[in-house]
Amino acid sequence: MAFNRVFNGEEQKRLQHLIDDGCRVKTEVKILNESLRDTVAAIAEEMDLKTADLNRAIAVAHKDSFEAEYDKFDTLETILDTAKVINTNNTP
């Protein structure tokens with residue numbers, strides 16, 4: 001089914017404005033993401049850390065989801081300990 005709607009002059013202007021703003025915002029976000037990626041890489045190298053760890057920390061902080069992440073890890077640790085894959089008691 002074809003889309004056959006005809007937009008009036010005001011709607012055309014609003015759509016053009018939206019598309020222009022959307023393209024500008026997406027370009028800005030791309031530039032900011034590239035800058036963040038470069039900054040994370042530089043700091044990771046300086047501090048001998050993995051970029052993935054720093055990016056994960058940023059994502060958790062941004063989402064304010066530390067508790068949820070901790071709970072997921074706790075569940076994983078419990079499963080692996082139960083399966084005797086890891087030893088959480090630190091005994092041989």
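Worth pointing out:
- Flag for Asp48 being within 27 Å of the chain's Cα centre (by Cα), modelled with pLDDT of 85 or more and surrounded by 10 or more Cβ atoms within 10 Å (Cβ to Cβ): no
- Looking across segment 6-25, the residues that are more than 31 Å from the chain's Cα centre (by Cα), part of a helix (DSSP H, G or I) and surrounded by 10 or more Cβ atoms within 10 Å (Cβ to Cβ) come down to Glu11, Gln12, Lys13.
Conditions tested, residue by residue: (1) acidic (Asp, Glu); (2) touching a Pro at 6+ places or on another chain (Cβ under 7 Å); (3) modelled with pLDDT of 90 or more; (4) outside any helix (DSSP H, G or I).
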| site | (1), (2), (3), (4) |
| --- | --- |
| Asn4 | no, no, no, yes |
| Thr27 | no, no, yes, no |
| Asn33 | no, no, yes, no |
| Ile43 | no, no, yes, no |
| Arg56 | no, no, yes, no |
| Leu76 | no, no, no, no |
| Leu80 | no, no, no, no |
| Val85 | no, no, no, yes |
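- Selection within segment 52-67 - without any contact (Cβ under 8 Å) to a residue 12 or more places away in the chain and surrounded by 13 or more Cβ atoms within 10 Å (Cβ to Cβ): Ala57, Val60, Ser65
The values are calculated or read from the model by the stated rules, or taken from the named source; none is laboratory data. The model shown is predicted, which means the values in this text are computed figures rather than measured ones. Because the Cβ atoms are built from the backbone with ideal geometry, glycine has one as well, and the counts that use them run over all protein chains shown.
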